[in-house]
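Below: the structure, in structure tokens.
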Amino acid sequence: MPLLDTFVTQGEEALMAAFLADGYVVRPVANLEGLHTLRAEVICSACRHLGLPPVDEPNIFLNQMHARLEIAELNDLRLAIYNHMNAQSWFRPTYYSFAKPYLDILVGNELAMQNRINLSIQMAGDTSSLLAAHVDAFSGETPFQAVQWLPLVDVFETKAMFLLPPAKNREVIPRLRDIMEFGGGEAVFDEIRDDVIWVPVPYGHVLIFSPNLLHGNVVNETETTRWSMNTRFTGLFTPYFSDEKSLGGFYLPITTRPVSRVGMAYEIPEGFKRPDA
């Protein structure tokens with residue numbers, strides 16, 4: 001092996017640079033077969049809830065859900081699928097596998113993962129499933145985290161999620177309280193409307209982004225329904241900003257390494273502890 005003068009490869013450096021510059025990356029999932037199987041299980045769960053026979057065309061079934069379901073029935077379907085999927089022992093490990101190579105570089109290889117994976121279904125024209133522009137850390141989550149956001153169909157334009165680029169985000173955040181005080185969430189989006197980007201993510205790809213950026217969604221003005229999942233990853237030993245959303249509750253360890261296990265179990269013998277300052 002040659003001598004090296006850097007701790008990261010060129011590929012790792014490129015991924016990190018893209019994330020720091022844009023606040024997000026979109027990459028092919030690292031386990032496409034697992035994604036197909038996961039999506040099929042979501043569809044089976046939906047069919048059971050709706051009393052429908054098995055589906056031959058997953059894209060048509062998911063994209064046209066608004067044609068067979070009333071908006072008032074949507075949350076019951078979403079909760080049925082959410083509860084079923086999160087009860088499967090393979091769900092979180094498989095979801096992690098989709099972005100593992102990228103998370104290892106962007107977040108670390110000793111991780112804690114959100115205890116549940118969220119499911120969002122936003123039907124065409126639905127005004128009841130909106131997520132106002134927000135920053136996750138404002139609700140007590142650690143800012144030392146990334147969100148893995150996974151569509152089960154192609155997303156684009158208003159069917160996608162919006163993000164505020166880092167430079168504009170740094171300019172708006174210090175003024176956010178004043179903006180909200182005079183107009184609430186709508187005023188925030190009015191402030192950033194011309195600067196947000198709608199991140200297209202084809203099925204088979206995953207979006208990893210910093211939730212320290214203002215992000216959210218608006219009315220899906222396309223003619224198809226959006227299905228997406230999301231969850232959060234942080235370093236195992238990261239600072240946590242609230243008891244409610246801390247390690248052991250909101251976040252659970254998933255890749256604790258042997259040296260960390262040994263270190264956490266170690267107790268300094270009597271007489272060797274440093275006196276309290």
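Since every read-out is calculated from the coordinates, none of them should be taken as a lab result. Quick caveat, the model's predicted, so the values are computed rather than measured. Here the Cβ positions follow ideal geometry from the backbone for every residue, glycine too, while neighbour counts run over all protein chains shown.
What are the extents of the Cα atoms of region 197-260 along their three principal axes, in Å, largest first?
Cα spread of region 197-260 along its principal axes, largest to smallest: 50, 26, 19 Å.
When N counts the residues of region 1-49, how does its alpha-carbon radius of gyration compare numerically with 2.2 N^0.38 Å, as a ratio?
In units of the 2.2 N^0.38 Å rule of thumb, it is 1.93.
Within region 124-139, which residues have the backbone N less than 19 Å from the label spot 7 Å out from residue 86 along Cα→beta-carbon, could you tell me?
Only 129-131, 136-137, 139 fall inside the zone, counting backbone N under 19 Å.
Where the eigenvalues come from the Cα gyration tensor of region 89-185, what are the semi-axes √(5λ) of the equivalent ellipsoid, largest first, in whole Å?
Each semi-axis is the square root of five times an eigenvalue, giving 27, 20, 13 Å.
Going by how many other beta carbons lie within 10 Å of each one, how would you line up 198, 227, fewest first?
Ascending Cβ contact count within 10 Å gives the list 198, 227.
Relative contact order for the chain using alpha-carbon pairs under 8 Å, separation at least 6, rounded to a whole percent?
For the chain, the relative contact order is 30 percent.
Order these by the 10 Å Cβ neighbour count, fewest first: 71, 105.
Exposure proxy ranking, most exposed first: 71, 105.
Compute for region 180-226: radius of gyration divided by Kirkwood radius, i.e. Rg/Rh, restricted to C-alpha atoms, rounded to two decimals.
Taking Rg over the Kirkwood Rh, I get 1.02.
How big is region 1-127 by Rg and Dmax over its Cα atoms, in Å?
So, for region 1-127, Rg and Dmax equal 18.9, 63 Å respectively.
How far apart, in nm, are two points set 7 Å out from the Cα along the Cα-to-Cβ line at residue 7 and at residue 97?
3.1 nm
Subtracting the Cα-Cα distance from 0.36 nm times the residue separation, let me have the gained length for residue 175 to residue 241 in nm, one decimal.
Stretched out fully, the residue 175 to residue 241 stretch lengthens by 21.6 nm.
To one decimal place, what orientation-averaged projected area in nm² is obtained for the convex hull of the Cα set of the chain?
Averaging across all directions leaves 20.2 nm² for the Cα convex hull.
For 163, 176, 252, which order do you get if you count the other beta carbons within 10 Å of each Cβ and list the fewest first? Show your work: numbers first, answer last.
On the way: 163 25, 176 19, 252 14.
Arranged by neighbour count, lowest to highest, 163, 176, 252 become 252, 176, 163.
State the antiparallel share, in %, of DSSP beta bridges confined to region 129-277, rounding to the nearest 5.
95 percent
Per DSSP H run of at least 4 residues, take -39500 (n - 2.57); add these up for the chain, divide by its residues and hand me the 222 nm value, nearest 500 deg cm²/dmol.
-11000 deg cm²/dmol
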